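Single-structure report; data block below.
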Amino acid sequence: MSGRFSQESMTRAMRQIAAGLGVPADDAQLLRLTNNAVFALPRSGLVIRIARTHRLRDRVTKVVQLARWFAEIDAPTIRLAPDVAQPVEVGDLVASVWTYIPPCSPAPTVKDLGTALREFHALGAPPFPLVSWDPIGDARRRLADADGLSAADHDYLVAWCDRLEQQVAMLNRGDGQTLIHGDAHVGNLLRQSSGRIVFCDFDSTSVGPWQVDLAAVAVGEKRFGRSGAYRELADAYGHDVTSDAIWPVLREARELKMIAAAVPLLTTSPQVAAEFAVRMRSVIEDRVKDRWTPFATASSHVPRR
């Protein structure tokens, strides 16, 4: 399949950015091709991260602002590449450029995630306005950037957003609002050569109920069949979110995110389109025992790190 956000289009954009930075791209490695196209340029010590939707351009600006603050306070996060004016624009796409962290053993674990989340939640709010947790707004923007979405699936997802919107708004007005990563799972952790565990991928970082960051692993265990992972996270963090009264809303919001993420990408990969259909059918028909496959795995690209 081809499309505005295909691997070929993203690779061309990456090469244009590398050329603008004056670095070679012949050693480029595709790390992810999901919501973003993420390329490592190991020889130059860089990672280029290109948003695969035109509707979330403001998000890249937010991520760059957050990353600068994270560097100032030595947060457990990856760092922007030095001496690069950011965000970087190439045509109608927008990207950010980061310092490359080579793979380092042992790989981060769910226990590491629980410990890192406690540190992340303790950072406090940044000294600038930050959006509230808004999974519904994110889903609506992806629907507006849809490629190849059927009318029936579009209408179902819009109705789902409508139904959840007020419930999410109520959670955002409750107690316990803090800085949240928004997509907290082991694939968004890296281990530095010093051994320090750091987060990457701040597209969904916002202010909201801290329990949001425990939901990703809990839902992932249910949908991907990864037994035991969530218990390890709950023990490491010290809280079981599935026992909270707000858990049903958190679960639905996470599942909506996991489905809507593919909406702009349906024409880029037959495997992604097929997995999207599996997820939609399981939700529409309330088939809770259906198992999902990560989009990165389904599309036969490098698994999410």
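Every number here is computed from the coordinates shown, using simple stated rules; none is lab data. A quick note: this is a predicted structure, and the numbers were derived from the prediction, not measured. Cβ coordinates were reconstructed from backbone atoms using ideal geometry, including for glycine residues, and neighbour counts include every protein chain displayed.
Counting charges near Arg196 (Lys, Arg +1; Asp, Glu -1) among other residues having Cβ under 14 Å from its Cβ returns a value of -1.
Ranked from highest to lowest mean number of other Cβ atoms within 10 Å per residue, what is the order of the peptides 169-175, 8-14, 199-205, 87-93? Intermediate results must be reported in sequence, preceding the final value.
Numbers: 169-175: 11.6, 8-14: 18.4, 199-205: 22.7, 87-93: 16.3.
Going by the mean number of other Cβ atoms within 10 Å, highest first, we get 199-205, 8-14, 87-93, 169-175.
Across segment 206-214, computed HN-Hα scalar couplings (Karplus, 6.51 cos²θ - 1.76 cosθ + 1.60, θ = phi - 60°) run 6, 10, x, x, 4, 5, 3, 6, 9 Hz from first to last residue, x flagging Gly and Pro. Calculated over segment 62-158, the projected area of the Cα convex hull averaged across directions stands at 9.7 nm². Gap in Å between the Cα centre of segment 105-174 and the Cα centre of segment 267-286? Result: 20 Å between the Cα centres. Note on Lys289: aspartates and glutamates with a C-alpha under 17 Å away, same-chain residues under 8 apart excluded, are Glu221, Glu252, Glu255, Glu275. Note on segment 7-99: Cα-Cα pairs beyond 18 Å make up 40% of the total pair count. Computing P(r) over Cα pairs in 20 Å bins from 0, in percent for the structure here picks out one of (i) 29, 56, 14, 1; (ii) 33, 62, 5; (iii) 32, 57, 10, 0, namely (ii).
Length available on full extension from Asp235 to Arg79: 0.36 nm per residue minus the Cα-Cα distance, which gives 53.3 nm.
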